[in-house]
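The values are calculated or read from the model by the stated rules, or taken from the named source; none is laboratory data. What you see is a predicted model, and the numbers here were worked out from it, not measured in a lab. For neighbour counting, all protein chains shown are included, and Cβ atoms are generated from backbone atoms with ideal geometry for every residue, glycine included. Protein only, heavy atoms only, side chains kept; ligands, DNA and RNA dropped before computing areas. Shrake-Rupley method; radii C 1.70, N 1.55, O 1.52, S 1.80 Å.
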Amino acid sequence: MLKEINQNKVHIVYDDSLINEINENCFNVDYWQAKHKTIGSAIGRGTTWFVQLDKLQGALRHYRRGGLLGKIITDHYIFIGKQKTRSIQEFYLLNKLHNAGVNVPRPIAARVVKRTFFYQADLLSEKIPNANDLVNILQKTPLSEFEYQKIGQQIKKMHNAQVDHSDLNIHNILLDKQGKVWIIDFDKCYQRSGDTWKQTNLDRLLRSFKKEQLKRTLSWQESDFDALKIGYMEDF
C-alpha cells in the first residue's frame, strides 16, 4: 500500500509492502554503508547506490542536473508543489506502469526536501537483478528475433499505458538472465493522450542503436529493428 509522510519540509511517499521501515536516513548512502548493506554502485550523472533491503535490492538515486546549468546548480530544482517534483512524479509513474503490466523497476520510496523556493529529490527503486543493458549485451553477442520482438512488446505495453519515454535508448532497456525485458529511467517522462508521439519514441530508439554502433562494435544491424517493430505491432 502506498503511504505518505509529511514532516516539516520533508515529504516521503513509499510502498509499505516493499520496505518495512522508512525515514530520512534511508535516502542517505552513509546510512546503508554503516549497516554494511551497500552492494554496489553505478556512475551516471551522479552515483546510483545499490542497497540490500529486507525483501529486495534497491537502487538509490539523488537527482542531479545535467548540462551547463548543472555545473552551477547541481541538485536544486524550483518548487511549484510536491506533486510536480521529479522524484514524486517518477514514483507514481513507475507505480502506474507496474500496475499496467509493464516490466519496470517497482518504486520503493521517494523523498522531497523543500529548500525555501527550491527542493532536492531522491528515489529508491527496485534494482533489477542479473540484468544488463542492450549496449553491454550487444558488445558480446547478438540478440535473436524473438528477443527483439519481446523488446517491441514491452514498448507497446508502455505506450498502451500512454507513457511517453522521453529518453528511450538502448542504455535504458535491459535483459535479465531469464530473458525478461525491462525498461528503466523514467525521470521527466509522463503520461499523455493521443498516439502521434509514439513513433517519435521508436525513431529515437533506432537513432540510439545507430549512434552506439558508431561508437563501438555492436552485434546489430538495422534489419534487426524490423523484428522489434513486429513485436510492437502485436495486440495484447
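Couple of notes before you dig in:
- Residue check: H165 meets all listed conditions (1) open to solvent by 10 Å² or more (accessible area, probe 1.4 Å); (2) touching a residue at least 12 places away in the same chain (Cβ under 8 Å) but one, namely (1).
- V104 being open to solvent by less than 30 Å² (accessible area, probe 1.4 Å), among the β-branched types (V, I, T), within 29 Å of K157 (Cβ to Cβ) and assigned to a loop (DSSP other than H, G, I, E, B): yes
- Filter pass, F79 being without any contact (Cβ under 8 Å) to a residue 60 or more places away in the chain, among the aromatic types (F, W, Y) and open to solvent by 60 Å² or more (accessible area, probe 1.4 Å): no
- Any hit, the range 169-181, residues being over 14 Å from the mean Cα position of the chain (by Cα), in a loop (DSSP other than H, G, I, E, B) and polar (S, T, N, Q): yes
- Tally of residues being of a type in the set (D, E) and either in contact with an Asp or Glu (Cβ under 8 Å, 6 or more places away or on another chain) or buried (at least 22 other Cβ atoms within 10 Å of the Cβ) (or both) across the range 127-142: 0
Condition check ((1) at pLDDT below 95; (2) closer than 24 Å to P105 by Cβ) across all residues:
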{"residue": "H165", "(1), (2)": "no, yes"}
{"residue": "N169", "(1), (2)": "no, yes"}
{"residue": "I173", "(1), (2)": "no, yes"}
{"residue": "W182", "(1), (2)": "no, yes"}
{"residue": "F186", "(1), (2)": "no, yes"}
{"residue": "Q191", "(1), (2)": "no, yes"}
{"residue": "D203", "(1), (2)": "no, no"}
{"residue": "S208", "(1), (2)": "no, yes"}
{"residue": "T217", "(1), (2)": "yes, no"}
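- Selected residue (only one of K71, K35, K55 is open to solvent by 70 Å² or more (accessible area, probe 1.4 Å) and at pLDDT below 85): K71
For (1) under 23 Å from K114 (Cα atoms); (2) open to solvent by less than 20 Å² (accessible area, probe 1.4 Å); (3) of a type outside the set (S, T, Y), each residue gets a yes or a no:
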| site | (1), (2), (3) |
| --- | --- |
| I43 | no, no, yes |
| T47 | yes, no, no |
| L60 | yes, yes, yes |
| R65 | yes, no, yes |
